[in-house]
Amino acid sequence: MECRVLSIQSHVVRGYVGNKSATFPLQVLGFEVDSINSVQFSNHTGYAHWKGQVLTAEELNVLYEGIKLNQVNRYDYILTGYSRDSSFLETVVDIIQELKKANPSLVYVCDPVMGDHGAMYVPEYLLPVYRDKVVPLSSSTQLIIKTVVLTSTDLPSKRGDQFLVALGSQNIVKADGTKTSQKICMDMPKVDAVFVGTGDLFAAMLLAWTHHHPKDLKAACEKTASVMHHVIRRTMTYANEMAGPGKRPSPAQLELRMVQSKADIENPAVVLEARVL
């Protein structure tokens, strides 16, 4: 059966972030992806310069109305990422609520991109929107699977300070009312570089691999993290070669080597293992 994803994220002409990070890997793994670009920039904002446009809530609604009028507004998954406007985010909520009526088993995968290292890079007024409107949508009503994955925490790793600790939890309520759960922990090696688009890739791969392993969070997270490992390693090797000895790579050199990692995305060799807690 065809599996279709509606991905509402940013877009860049050059490089990989938002929909550019999510669409190709999902397509490689067999998903049909319909993309709505919340912004259209020349490149990500880590460069010295960028230009582009931001989609308004009204423009988002117009695009969705076109899809609905053609009666092709049925999706298996919705994936959302960075947003810094409350009216846009609330319009996304309205769209998801309508799509859930069309398909009660629809699963919403939310990457709440809000901050890092104790600092917010979105307005604080988005917090209650995420808490009160977005989070309640992040589940499926037929087979209720609530999955939360924290890609990096401040918890100390048993393997030392060169690793980040990732945590995952999955609660499943089956149709007969019985409940199961799984909690996992992973040690993720740190890389001395600033990447953009890795979080968007992670969210897309988590969607894909939880789809293929709906009741095995350990396997889904291992494959997701291993894809990340292969893409980042290939990117870092290329960036260092381009920068030359003793020089730090530029943002352009650190763009993810996505196309070159196609085989690893399709069939990742598992190099990072999760522990069941």
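The values are calculated or read from the model by the stated rules, or taken from the named source; none is laboratory data. Because the structure is a prediction, the values reported are computed rather than measured. Reconstructed Cβ throughout: ideal geometry from the backbone, glycine too, with neighbour counts over all protein chains shown. Calculation scope for accessible area: heavy atoms of the full protein, side chains included, ligands and nucleic acids excluded. Shrake-Rupley method; radii C 1.70, N 1.55, O 1.52, S 1.80 Å.
Ignoring any ligand, DNA or RNA, what whole percent of the accessible area of segment 30-147 comes from carbon and sulfur when the probe is 1.4 angstrom? Answer for segment 30-147 is 53 percent, counting heavy atoms of protein chains only. Computed from point charges on the beta carbon alone (+1 for Lys and Arg, -1 for Asp and Glu), the dipole magnitude for segment 160-209 about its Cα centre is near 280 Debye.
Could you sort TYR125, TYR82, TYR47, TYR64 by their accessible area in this structure, using a 1.4 Å probe and putting the largest first? Don't skip to the answer; put the middle values down first.
Values: TYR125 125, TYR82 80, TYR47 45, TYR64 5 Å².
Order by accessible area, largest first: TYR125, TYR82, TYR47, TYR64.
In sequence order, segment 93-102 has phi-based couplings of 4, 4, 5, 5, 4, 5, 5, 5, 5, 6 Hz under the Karplus curve 6.51 cos²θ - 1.76 cosθ + 1.60, θ = phi - 60°, and Gly or Pro positions carry x. Using 0.36 nm per residue and subtracting the Cα-Cα separation, the extra length available between GLU266 and LEU127 on full extension is 46.5 nm.
Return the FRET efficiency for the residue pair HIS117, LYS174: r is the Cβ-Cβ distance, R0 is 45 Å, and the value is rounded to the nearest 0.05. Plugging the Cβ-Cβ distance into 1/(1 + (r/R0)^6) gives 0.70.
Counting only trypsin sites (Lys or Arg not before Pro) that are in a DSSP loop and have at most 16 other C-beta atoms within 10 Å, tell me the longest site-free stretch of the chain. If you can, show how the numbers build up before the last one.
Details: sites that count: ARG14, LYS51, ARG74, ARG84, LYS158, ARG159, LYS174, LYS190, LYS215, LYS247.
That gives 85-157 as the longest site-free run.
By the helix-only formula, in which each DSSP H run with n ≥ 4 contributes -39500 (n - 2.57) and the sum is divided by residues, the chain has a 222 nm mean residue ellipticity of -10500 deg cm²/dmol. Looking at segment 1-155 alone, DSSP beta bridges between its own residues are antiparallel in about 25 percent of cases. The Cβ shell under 10 Å around GLU32 holds other residues with a net charge of -2, Lys and Arg each +1, Asp and Glu each -1. Among beta bridges identified by DSSP and lying wholly in the chain, the antiparallel ones come to about 65 percent. Using θ = phi - 60° in the Karplus curve 6.51 cos²θ - 1.76 cosθ + 1.60, the 3J(HN,Hα) couplings for segment 215-231 round to 10, 9, 4, 4, 5, 4, 6, 5, 6, 4, 5, 6, 4, 4, 4, 5, 5 Hz; x is entered for Gly and Pro. Let a ≥ b ≥ c be the square roots of the eigenvalues of the Cα gyration tensor of segment 29-187; is it rounded (a/c under 1.5), or, if not, prolate (a/b larger than b/c) or oblate? Here segment 29-187 falls in the oblate category.
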